[in-house]
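The values are calculated or read from the model by the stated rules, or taken from the named source; none is laboratory data. Here the structure is a predicted model, which is why all the values come from computation and not from measurement. Cβ placement follows ideal geometry from the backbone for every residue including glycine, while neighbour counts extend to all protein chains displayed.
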Amino acid sequence: MDAYPVPSDLQERCIAGLEIDTYGFDQTIHVLAYGVRQRDGSLLARLKQQQSNRSVRARLIVERLNQLGVGLTFDQVLDEAKTSKSVGRPHIARALVASRHCGSMQDAFDEYLAEGRSAYVGLDRLAVSEAIQLIHAEGALAILAHPRRLRNQNNVRELCTLFDGIEVVHPTADREYERQLLDLVDTNALVATGGTDFHARSGETQIGISFPQARIDRFLEQLHDRV
């Protein structure tokens with residue numbers, strides 16, 4: 001809500017949204033929240049707490065790297081994070097590359113930062129059920145983000161029943177997978193979204209995505225009903 005202030009003349013056309021990193025069903029699950037309006041509500045308060053936890057975790061990872069003989073400072077990590085309010089493993093990976101301890105970000109994760117590696121530190125994340133409850137308490141919609149990226153695809157159908165909708169269009173989802181997601185949306189009376197950032201597939205040059213007006217209308221109706 002604070003990342004991109006909306007000009008006053010666009011307020012009525014813009015919907016506040018955010019993406020939350022949660023855990024459930026033995027895997028990471030990203031949850032999209034659309035229609036968050038309260039800046040002092042319980043959802044943002046909980047996310048600020050999680051943001052603080054991320055900073056503590058990042059410092060612990062740097063300490064663990066130092067114990068392994070990798071000379072990296074937290075200031076170097078902050079240099080890579082720049083203006084980001086949430087310091088995470090990608091920033092540490094960039095710092096490792098910039099300081100020539102690793103050849104690439106992927107090398108940094110493979111050698112040090114991925115789960116199970118020598119410098120990995122777990123993160124106390126929101127449970128997916130808690131995130132959805134907090135979103136609903138705000139009168140907002142909870143959307144399952146990019147389900148194709150879920151480690152366990154066997155849980156997709158079960159997960160859908162917890163959400164108000166599914167992010168159908170995403171670069172990771174080919175046309176067939178997209179069709180399957182739309183079937184899940186229609187079968188469970190959910191809404192479909194396509195992402196508000198640039199979600200074109202590889203090789204596609206058109207900015208934005210094509211989305212049926214009827215599905216946009218249903219999304220807006222569901223959002224309005226929550227107010």
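Assorted remarks:
- Residues that are polar (S, T, N, Q), loosely packed, with under 14 Cβ neighbours inside 10 Å and part of a loop (DSSP other than H, G, I, E, B) within region 66-107 comprise T73, T83, S84, S104, listed in sequence order.
- Which listed residue, of L68, L32, L43, is farther than 30 Å from L141 by Cα and either at pLDDT 90 or above or not assigned by TED's automatic domain parsing to the domain that holds E19 (or both): L68
- The residue of region 49-65 that is modelled with the lowest pLDDT, among those that are of a type in the set (A, V, I, L, M) and surrounded by fewer than 18 Cβ atoms within 10 Å (Cβ to Cβ), is V56.
Here's the yes/no breakdown for (1) buried (at least 21 other Cβ atoms within 10 Å of the Cβ); (2) at pLDDT 95 or above; (3) in the same structural domain as F211 (by TED's automatic domain parsing):
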{"site": "L144", "(1), (2), (3)": "yes, yes, yes"}
{"site": "P147", "(1), (2), (3)": "yes, no, yes"}
{"site": "L159", "(1), (2), (3)": "no, no, yes"}
{"site": "F163", "(1), (2), (3)": "yes, yes, yes"}
{"site": "I166", "(1), (2), (3)": "yes, yes, yes"}
{"site": "T172", "(1), (2), (3)": "no, no, yes"}
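- Residue match in region 118-127 (condition: of a type in the set (S, T, Y), over 13 Å from F25 (Cβ atoms) and surrounded by 20 or more Cβ atoms within 10 Å (Cβ to Cβ)): no
- Output for region 108-127, where each listed residue is in contact with a helix residue (DSSP H, G or I) (Cβ under 8 Å, 6 or more places away or on another chain) and not in a loop (DSSP other than H, G, I, E, B): A108, F109, Y112, L113, L126
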